[in-house]
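Presented below is the structure to which this report refers.
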Amino acid sequence: MSSTPADLLPADESERLRNLRANEVLPTLIEPVFEEFVALTAQVFSLPISLIAVVEEDDVYYPANHGMPGNDRQARVEALCSTAVQQARAVVYHDLLLETAALTPEAVRAAEENELRFYAGALLHLPNQPPLGTLCIIDRQPRTLSEAEQQLLEQLAALVSQAIAVRVACLGQPALGVEQWETVRAQLQEELRELTALVRYLFTRHGVQVPVPAELLTQVSRRLSDIKALLDEHRCA
């Protein structure tokens with residue numbers, strides 16, 4: 001029986017957990033390519049922390065982690081990501097010391113203990129299924145998040161979701177699925193590394209600005225669209 005308070009659970013919790021486990025999402029996300037996603041996300045927003053979070057029955061797991069070493073698992077009642085899954089939408093807390101109304105006392109305390117002040121999380125989900133977790137960005141000081149920045153975070157989360165779906169589909173193929181996924185993974189990993197290097201170069205040249213300039217967001221968004229096209233070609237269907 002779950003120890004998570006009922007008010008943290010979405011209405012479709014049973015279906016959500018069933019899909020999460022049937023598709024073996026946690027083992028999928030342990031692959032190094034998803035570390036490339038969080039490294040890129042942190043670089044794009046010039047933030048120290050980015051995580052992929054999977055919200056299980058009573059715990060939240062962080063299989064891809066940039067900037068919080070050792071933070072692999074957290075009680076669901078303490079996790080900021082839980083609110084996004086409960087509300088079934090992206091969430092942003094510009095200052096966690098001031099925006100506590102939607103958080104449990106345990107989450108407020110955990111944020112204080114970890115010295116976290118800013119959090120934004122966009123939902124991850126497989127096609128036509130309830131949310132499985134979030135792609136999130138975190139800072140240790142308050143921060144604004146422009147509408148354009150939030151749109152890019154959601155674009156990144158959609159790309160992570162698509163990569164998960166492609167891997168699940170490929171490994172579900174009895175014949176050449178593993179080989180197909182390895183081909184996709186290698187190409188995807190190379191593209192993500194190149195984009196991370198480009199963003200790093202642009203910030204070095206032009207300096208870090210908050211919010212991130214629209215021109216840079218546009219460049220990143222175009223490259224992400226190219227990566228989406230790559231995944232579209234490899235549905236493993």
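The values are calculated or read from the model by the stated rules, or taken from the named source; none is laboratory data. This structure is a prediction, so every number in the text was calculated from the model and none was measured. As a convention, Cβ positions derive from the backbone with ideal geometry for all residues, glycine included, and neighbour counts pool all protein chains shown. The protein model used for the area step is the full one, side chains on, heavy atoms only, and it has no ligands, DNA or RNA in it. Shrake-Rupley method; radii C 1.70, N 1.55, O 1.52, S 1.80 Å.
For the range 1-94, give me every one of the helices (runs of 4 or more DSSP H) that falls completely inside it and has 2 or more residues that are of a type in the set (A, V, I, L, M) and surrounded by 19 or more Cβ atoms within 10 Å (Cβ to Cβ).
25-29, 33-44, 81-87
Which condition does Thr100 not pass, out of (1) in a loop (DSSP other than H, G, I, E, B); (2) touching a Gly at 6+ places or on another chain (Cβ under 6 Å), if it passes all the others?
(2) is the only condition that Thr100 fails.
Of all residues in the range 95-116, how many are open to solvent by less than 60 Å² (accessible area, probe 1.4 Å) and charged (D, E, K, R)?
Result for the range 95-116: 1.
Quick check: anything in the range 153-176 acidic (Asp, Glu), assigned to a helix (DSSP H, G or I) and more than 16 Å from the chain's Cα centre (by Cα)?
Within the range 153-176, none of the residues are acidic (Asp, Glu), assigned to a helix (DSSP H, G or I) and more than 16 Å from the chain's Cα centre (by Cα).
How many residues are surrounded by fewer than 16 Cβ atoms within 10 Å (Cβ to Cβ) and among the small types (Gly, Ala, Ser) if we restrict to the range 152-176?
Going through the range 152-176 one residue at a time, the tally reaches 2.
Mind checking which residues of the range 126-151 are buried (at least 22 other Cβ atoms within 10 Å of the Cβ) and more than 19 Å from Thr83 (Cβ to Cβ)?
Of everything in the range 126-151, nothing turns out to be buried (at least 22 other Cβ atoms within 10 Å of the Cβ) and more than 19 Å from Thr83 (Cβ to Cβ).
Just checking, which of Gln150, Gln187, Gln219 is farther than 27 Å from Glu15 by Cα, touching a strand residue (DSSP E or B) at 6+ places or on another chain (Cβ under 8 Å) and part of a helix (DSSP H, G or I)?
Gln150
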